[in-house]
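Coordinate-derived values only; no laboratory data. Computed from a prediction, not measured in an experiment: that's the story for all the values here. Here the Cβ is made from the backbone with ideal geometry for all residues, glycine too, and neighbour counts use every protein chain on show.
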Amino acid sequence: MTKVALTLTINGQRHEVLTEPHRTLLDVLRADLGLTGTKENCLEAECGVCTVLLDGRAVNACILLAAQCQGRQVLTIEGLGRDGQLHPLQQAFIDHGAVQCGYCIPAMILSAKAYLDEHPAPTEAHVREALAGNLCRCTGYQKIADAVLAAARELAHRR
Amino acid sequence: MSFEYHEPTSLAEAVDLGARFGADGRFLAGGTDLIIQIRRGKLRLRHVVGLHRVPGLDGIDANGSVTLGALVTHRALERHSAFQGRLRALVEGAEVVGGHQVRNVGTVGGNIVNASPAADVTPVLLTLDTTVTCAGRGGERTLPLDGFLVGPGQTALRPGELLTGLRFSALPGRSATAFLKAGRRKAMEISVVCVAARLTLDAAGERCAEVRIALGAVAPTTRRARAAERALEGRVPTPDALRAAGRLAAAESQPISDVRASARYRTLVVETLVTRALTRCLERIRDAAS
């Protein structure tokens, strides 16, 4: 199988990757680049644990070929904090006890970020709809919704 | 899963690759169905042809009649200002597909070619008398969407042929559309039944001039309920007449029992949703007029 040479911009850093064309962004992130904050589970775009932001929009990395990301901007959970500081969403998840096993959380936070970037003052119903593509088997979602709403207020306060 | 990946940068190049690979290849739009089918081993392909670098396939032109490129995403449908009025059902169908992650990449063209009997946007497009345009080595052809859908996962696309876009006429005044979906939860749900309706009243605003009703998840393809449409055309849309149309649509549906619902339940839901969707169209026409 011919390999393809890709230039991917991940968390603001350029990476040169040589990979088989059938490999997904999720494969490359986890296996080639060691960015294991993006999780792997259903591989069918149902559970959402592989969510990353592609040019600012939430996508399932499990069904996206790495080759489709050539020349585009990818944000993973590793790139969310700045200068050693947690992003307000990360801090709010901690403060509200929104994390139990943690497996769904990186994706949950990235979906929330994509949504808040476009909708800075959501209602709880909006937040729940925004996170519909992210499953959590531990928390029952209430603390997650609370954390996202708190982060929205904090982000509005900083603006 | 293992294949060669190609990214043509023009339609001509894409058509050429499609013709060269035939049944050994498939075009990749959003990938929300295709990549999963490849991974499940349902599709064994030697070539995947990504379409994202072909210019002009993701446009929405809504000046007069509406043209949608095959790569228009569900997200783009949901947000387009031209679909907030009479064509509201397009938004209602698009916004219940998967989660944001799927709607951000999944395309209207891919959804049609995937030909799921439970597709949500396709019934809406059927009520708009949509035509599809396909490009192949023999040139371009345009055919009605109704008829393009042949069976579960099957369309009239020839091997190597590519769906490039869709087209439908703008709706006249005194028209409205509505889309309703029944599922076991509100999001991330494959429809148990979905229904789209379009109603156009006559110049006096009294009788139904044109009626379209389309059903999802109750037949091998999404399909129109023609007997119900005919029964309403020329009639005054009284509550009784709308209920009668619901009953006719239920009689026309051919649901199966599966893990999501029984055939009997689906038939009952068709009756209710068709009546409700038509009623909603009528309310919308009246709201727009007042």
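Between residue B:290 and residue B:150, how high is the FRET efficiency from 1/(1 + (r/R0)^6) when r is the Cβ-Cβ distance and R₀ = 51 Å? Nearest 0.05.
0.75
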ask   = Can you work out ³J(HN,Hα) from phi for every residue in the stretch A:5-20, in order, using Karplus 6.51 cos²θ - 1.76 cosθ + 1.60 and θ = phi - 60°, giving whole Hz and x for Gly and Pro?
value = 8, 10, 10, 10, 9, 10, 6, x, 10, 7, 10, 9, 10, 10, 8, 5
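How large is the charge dipole for the stretch A:88-158, taken about the Cα centre, if only the Cβ atoms of Lys, Arg (+1) and Asp, Glu (-1) carry charge, to the nearest 20 debye?
Using Cβ point charges on Lys, Arg, Asp and Glu, the stretch A:88-158 gives about 140 debye.
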query = Per-residue HN-Hα couplings for the stretch B:195-208, Karplus 6.51 cos²θ - 1.76 cosθ + 1.60 at θ = phi - 60°, whole Hz, x for Gly and Pro?
reply = 9, 10, 9, 9, 10, 10, 8, 6, 4, 6, x, 10, 10, 6
inquiry  = Need one number: nm distance between label points at residue B:283 and residue A:82, each 7 Å from Cα along Cα→Cβ, rounded to one decimal.
reply    = 4.5
remark   = Ordered by number, the trypsin sites (Lys or Arg not before Pro) in the stretch B:86-189 that occupy a DSSP loop and have at most 10 other Cβ atoms within 10 Å are B:184, B:185
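To one decimal place, what orientation-averaged projected area in nm² is obtained for the convex hull of the Cα set of the stretch A:1-133? Numbers along the way, then the final one.
Numbers: hull surface 33.6 nm².
Its Cα hull, projected and averaged over all orientations, spans 8.4 nm².
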task = Work from the charge dipole of the protein assembly as shown (Cβ charges, +1 for Lys and Arg, -1 for Asp and Glu, about the Cα centre) and give the residue of A:71, B:31, B:118 farthest towards its positive end.
result = B:118
Distant-in-sequence amide H partners of residue B:165 (H built 1.01 Å from N, under 5 Å) = B:70, B:133
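What Kirkwood hydrodynamic radius, in Å, does the stretch B:183-245 give when the mean of 1/r is taken over all pairs of distinct Cα atoms and then inverted?
Taking the inverse mean of 1/r over all distinct Cα pairs, the stretch B:183-245 comes out at 13.0 Å.
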ask   = With +1 on each Lys and Arg Cβ and -1 on each Asp and Glu Cβ, how big is the dipole of the protein assembly as shown about its Cα centre, in debye rounded to the nearest 20?
value = 820
key: Residue among B:216, B:147, B:246 with the largest mean-square fluctuation in a Gaussian network model of chain B, springs linking Cα atoms under 10 Å   = B:147
request  = Sticking with the crude label model, points 7 Å out along Cα→Cβ, report the distance from residue B:62 to residue B:81 in nm, one decimal please.
outcome  = 1.0
inquiry  = Need the list of aspartates and glutamates near residue A:3 for cross-linking: C-alpha distance under 16 angstrom, and skip anything on the same chain fewer than eight residues off.
reply    = A:16, A:20, A:27, A:32, B:4, B:7
Amide H contacts of residue B:189 (H built 1.01 Å from N, under 5 Å, at least 5 apart or other chain) = B:98
request  = Could you work out how far helix A:105-118 tilts from the main Cα principal axis of chain A, as a 0 to 90 degree angle to the nearest 10?
outcome  = 80
request  = List, in order, the whole-Hz ³J(HN,Hα) value for each residue of the stretch B:50-63 obtained from phi through the Karplus relation with A = 6.51, B = -1.76, C = 1.60 and θ = phi - 60°; use x for Gly and Pro.
outcome  = x, 9, 5, 9, 7, x, x, 8, 10, x, 10, 10, 10, 8
inquiry  = Using the Kirkwood radius over C-alpha pairs as Rh, can you work out the diffusion coefficient of chain B via Stokes-Einstein at 25 °C, viscosity 0.890 mPa s, in µm² per second?
reply    = 127
